[in-house]
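The values are calculated or read from the model by the stated rules, or taken from the named source; none is laboratory data. Treat the numbers as computed from the prediction; the structure is a model and nothing was measured. Quick reminder, even Gly has a Cβ in these numbers, built from the backbone with ideal geometry, and neighbours come from all protein chains shown. Note: accessible area is taken over every heavy atom of the protein model, side chains too, but ligands, DNA and RNA are not part of it. Shrake-Rupley method; radii C 1.70, N 1.55, O 1.52, S 1.80 Å.
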Amino acid sequence: AAHGCLVCSPRRFTLEARCARKRDDAKACLSAFRKYLVAEQDFTELSARDYQWAAEHFFSTGKEPCSERRAKLLPSVRPYMEKFVRQRGPLSAMSSPYKLSPQKPAQDKSTRKTSTPKPVQDKSARSVEKFSSKFKTYLLDEGYTPGSTRDYVWSSKLFFMSKAKAAKATETMKRVAALARPHFQVFAKRFPRCCVRAARPHVCASEPSSVRKRSTCGIKTRFVDGNLLQKPVKAPAVAKKVPLLPIAATESRAKVQANSLAREVLQRATQHGRTLDAKNDVLPVLQAWRFSGNQRPALVDASNKVSTTNFGLVRTYTGKWMLSKDSRLYPDVATLLCRYVREQTLEGKYEFPFTSLVINSGFQGPLHRDKGNEGPSFISALGVFSGGRLQYFPGDDGHVSLEVLKKDRCVHLNVGHHAFLFDGNRGHAGTKILAGERLSVVAYTKKGCTVMPPQIRLQLRNLGFVSASEESMNYYKARLYSDRYLECRN
């Protein structure tokens, strides 16, 4: 080569160097890369656009700062970008089969023909766009990631198509639509007025007409080839109550039983004026509870699974403060756990503040520091088990790496015999569970919760949570700084 081959000048053939030489054609190259992902790598249109956006970093001069989200995507984008370069030869939109359509030369105003007016968008198309926008907001508020939300909203257009158009949809769209169907069912039941074009947007138009003519969600409609011919008319009220959230029947039944058991325990404890007992009152409710949803592999032993349930205050991806699903559906379980935590932490000058509860089944994790935690935390482990202690580093100041912290002095707290208050921002880990079932209760205060809406604060107070004040938080931070950790009641 004129400027050196791969052996004598390897830097010329790196991805960054090749992209730098085509910096002037970056827009066309990125567009060709996006079309390559959709056509040959079976990407959805929205995922391909995310990868195209992240690949802009390869064409940058290096002076522009790279955002955190783009930095996370770059390791996944690089293999596809390198494969695209190898298959297409020189990285140019003109040498790629996925090139842009050539731009038309500008015409003189005197010779330019009068353009025909654009057709007005029909009401059905506008209703689909409005539905997609509200469905996106619903998914984000329910805690789904932005990427999954975009894919689900993109596949929702399949449910509004006619039978002929739905048959021509891509396999990727059909596969994503099958995953999005349960979420459409719940959304259509909760917000039936959003479904203007179709009474059941979660039913694909390719299904038999006998199925599509059924009236659900309180709407009557008439279909011809999957299209709505008249405006929705409200159906008479149905006596059967529709569930608000997508919960499997077995899980819902077990959680309802646990909620009823918690209500009975609270009534007996209030009637006799006694405190809750961890073994006889709280443990049966947690054992009856059906853990679902947030399952992840235990990092100490990958063969085991850690199941987690959140109660109390949570924050969505859009930054909205709200109560968790289980707190809204099963308030008696949340009230029972809040009362248990408050009774275990009555010895302080101020009532122990906590806005969130996490119930873990079989948790055993590596050394870490909590994120989004103000610091003061409560932990108690229930059940018959061996092992599973809390490895706590009371001397951690947060300025050293976790690898260096492992060599520091630590204590092993037997959370199965006593409940403890500790600082969640200091290093801690869960040791391996040797035998039995370990159910742990962790209570803490969400960082930044002082700006939550007043109605959310009132709902937390009604469930039994304690909102943090500046005095109470400083009091417990000072105690944990001097005493390192505090032992609660038995």
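Side notes on the structure shown:
- Residue by residue, segment 365-381 carries 3J(HN,Hα) couplings of x, x, 5, 7, 10, 5, 10, x, 10, 5, x, x, 9, 10, 9, 8, 10 Hz when phi is fed to the Karplus relation 6.51 cos²θ - 1.76 cosθ + 1.60 (θ = phi - 60°); x denotes Gly or Pro.
- Between Thr431 and Arg70, the simple spin-label model (points 7 angstrom out along Cα→Cβ) gives 4.7 nm.
- By average C-beta atoms within 10 angstrom, highest first, the peptides 75-86, 401-412, 356-367, 33-44: 356-367, 33-44, 75-86, 401-412
- Nearest-0.05 FRET efficiency for Lys130 and Glu45, computed from C-beta distance (R0 25 Å): 0.80
- Distance between modelled label sites at His368 and Arg268, nm, 7 Å Cα→Cβ extension: 3.6 nm
- Residue-normalised accessible area of segment 351-490, expressed per residue, 1.4 Å probe, Å²: 47 Å²
- Highest average packing first - 155-168, 372-385, Cβ atoms within 10 Å: 372-385, 155-168
- Extension gain, Glu82 back to His399 (0.36 nm per residue minus Cα-Cα distance, nm): 110.3 nm
- Hypothetical label at Lys174: residues of segment 125-165 whose amide nitrogen lies under 13 Å (7 Å Cα-Cβ projection): 164-165
- Residues of type aspartates and glutamates that Lys157 reaches as a straight line, Cα spacing below 17 Å, ignoring anything fewer than 8 places off in the same chain: Glu45, Asp122, Glu129, Glu171, Glu207, Asp225
- Backbone phi angles across segment 39-44, fed through the Karplus curve with coefficients 6.51, -1.76 and 1.60 (θ = phi - 60°), yield HN-Hα couplings of 7, 10, 9, 6, 8, 6 Hz in residue order; Gly and Pro are listed as x.
- Bridging of Lys189 to aspartates and glutamates at a Cα separation below 18 Å is possible for Asp141, Glu142, once same-chain residues fewer than 8 apart are set aside.
- Formal net charge of residues neighbouring Thr335 (Cβ-Cβ distance under 13 Å; K, R +1; D, E -1): 0
- Note on segment 362-490: with neighbouring protein chains present and a 1.4 Å probe, carbon and sulfur make up 51 percent of its accessible heavy-atom surface.
- Dipole in debye (nearest 20) - segment 332-386, about Cα centre, beta carbon charges: Lys, Arg +1; Asp, Glu -1: 120 debye
- Think of segment 391-490 as having a plus end and a minus end, set by charges on the Cβ of Lys, Arg, Asp and Glu; of Gly430, Gln459, Met473, Gln459 sits farthest toward the positive end of this dipole.
- Global form of segment 337-442, assessed from the alpha-carbon gyration tensor, a/c cut-off 1.5: oblate
- Gain in span if fully extended, Thr450 to Ala17, counting 0.36 nm per residue against the direct Cα distance: 151.0 nm
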